[in-house]
Amino acid sequence: MPELPEVQTTVNQIAPRLVARTITAFESLWAKNATPSAPAVRRGVVGRSVRAVSRRAKYVVVELNDGGWMLVHLRMSGRLEWHDPAADEPARHIRAAWTLDNGDRLLFCDARKFGRIVYTRSLDSVTTRLGVEPLSDEFTVERLAALLAARSRFLKPLLLDQSLIAGIGNIYADESLHAAGLHPLTRSDRIGPAGVAALHSAIQSALRQGLAHNGASIDWVYPGGEMQQHFAAYGRDGQACARCGDTIIALRVGQRGTHICPTCQPAPRGPRRGKRRSNNSQERACAASPAS
Ligand SMILES: [Zn+2]
């Protein structure tokens, strides 16, 4: 799934050709992805020009000149790309298309059909439930500390909770926790000031690194980025940790594939860990228990 760096890269790619153009047509080839409905999206966008294109959390946000907003969430496999009349092969899995006044066509391709196109007059109605932007000035160490201390949740599912911190998904959660030396099943209220500072720095570094490499092309749905060549943990199970040489292992945390270095990210100690056996497979079974 595209995360903050991949969505921001998409924004960077489409904005120059989209801003200041007028949308002359909207075709829906999969009406279920449109909110409130495909006709409502068409009525909202056709005839309007694009004032700006930006990102909020994992949404591409298109600001229209009449005060309306169109948001696109790529979800699992969505992708925004320009129609290329000279392409050898036509784009596949087209679910929607916008035609512009200069003839350009922006395509929404989405093999798995989980992506969403939202038209709204109130941006807040969509974004009010979203947490802090992790690369914004509002995301301070103090704010992260308060956010972690107010809960007693496992770190990995907390980082994936878009209502707390917006834009982090599986890749950048694993990369952040590895860089911070924190196990994904550490309780958020037990990591201490040094751990909070390390996590804050690691989240921002991982996202900035992702942005610098135009995101990660980890599967066929998101081409172009090179972040996957710089992963320290994500998807590297069986390979050596670049920091300590131990072998990266895969766990499941809250139904999500998770990758850690067992040396750099030791399992949390706590009352329930008293019965822990020295056997490594037992420890991994504990670590793989469902997250709350
Ligand atoms: Zn390591």
Please identify the GluC sites (Glu not before Pro) of region 97-202 that satisfy two criteria: DSSP loop assignment and at most 15 other Cβ atoms within 10 Å. Which are they?
Glu138
Can you give the longest stretch of the chain with no exposed loop site, where a site means trypsin sites (Lys or Arg not before Pro) in a DSSP loop (not H, G, I, E or B) with at most 12 other C-beta atoms within 10 Å?
130-268
Compare Ala15, Ala87, Ala52 in a GNM of the chain, Cα atoms joined below 10 Å, and give the one with the largest fluctuation.
Ala87
Given 4 °C and 1.567 mPa s, compute D for the chain with the Stokes-Einstein relation, Rh being the Kirkwood radius over Cα pairs; round to the nearest whole µm²/s.
63 µm²/s
From the square roots a ≥ b ≥ c of the eigenvalues of the alpha-carbon gyration tensor of region 191-250, which class results: rounded (a/c under 1.5), prolate (a/b over b/c), or oblate?
oblate
By the gyration tensor of its Cα atoms, with a ≥ b ≥ c the square roots of the eigenvalues, what is the shape of region 141-287: rounded for a/c under 1.5, prolate for a/b over b/c, or oblate?
oblate
Add +1 for every Lys or Arg and -1 for every Asp or Glu among the other residues with Cβ under 14 Å from the Cβ of Ile23, and state the total.
+2
Please work out the FRET efficiency for the pair Arg190 and Gln162, using the Cβ-Cβ distance as r and a Förster radius of 22 Å; give the result to the nearest 0.05.
0.45
Over the chain, the sum of -39500 (n - 2.57) across DSSP H runs of at least four, divided by residue number and rounded to 500 deg cm²/dmol, gives at 222 nm -8500 deg cm²/dmol
FRET efficiency for Asn65 and Lys32, Cβ-Cβ distance as r, R0 = 22 Å, nearest 0.05?
0.20
How large is the direction-averaged shadow of the alpha-carbon convex hull of region 49-94, in nm²?
4.3 nm²
Qualifying aspartates and glutamates (Cα of each under 15 Å from Cα of Lys113; at least 8 residues distant if same chain):
none
In terms of the alpha carbon gyration tensor, root eigenvalues a ≥ b ≥ c, rounded if a/c is under 1.5 and otherwise prolate when a/b exceeds b/c or oblate, region 4-127 is rounded
May I ask for the angle, rounded to the nearest 10°, between helix 192-212 and the longest principal axis of the chain, with both axes built from Cα atoms and the value confined to 0 to 90°?
40 degrees
How far apart, in nm, are the 7 Å Cα→Cβ label points at Ala212 and Ser136?
2.5 nm
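Each value in this text was obtained by applying a stated rule to the coordinates, not by laboratory testing. Predicted model only: the values in this text are computed from it and were never measured. Glycine also receives a Cβ, built like all others from the backbone with ideal geometry; neighbour counts cover every protein chain displayed.
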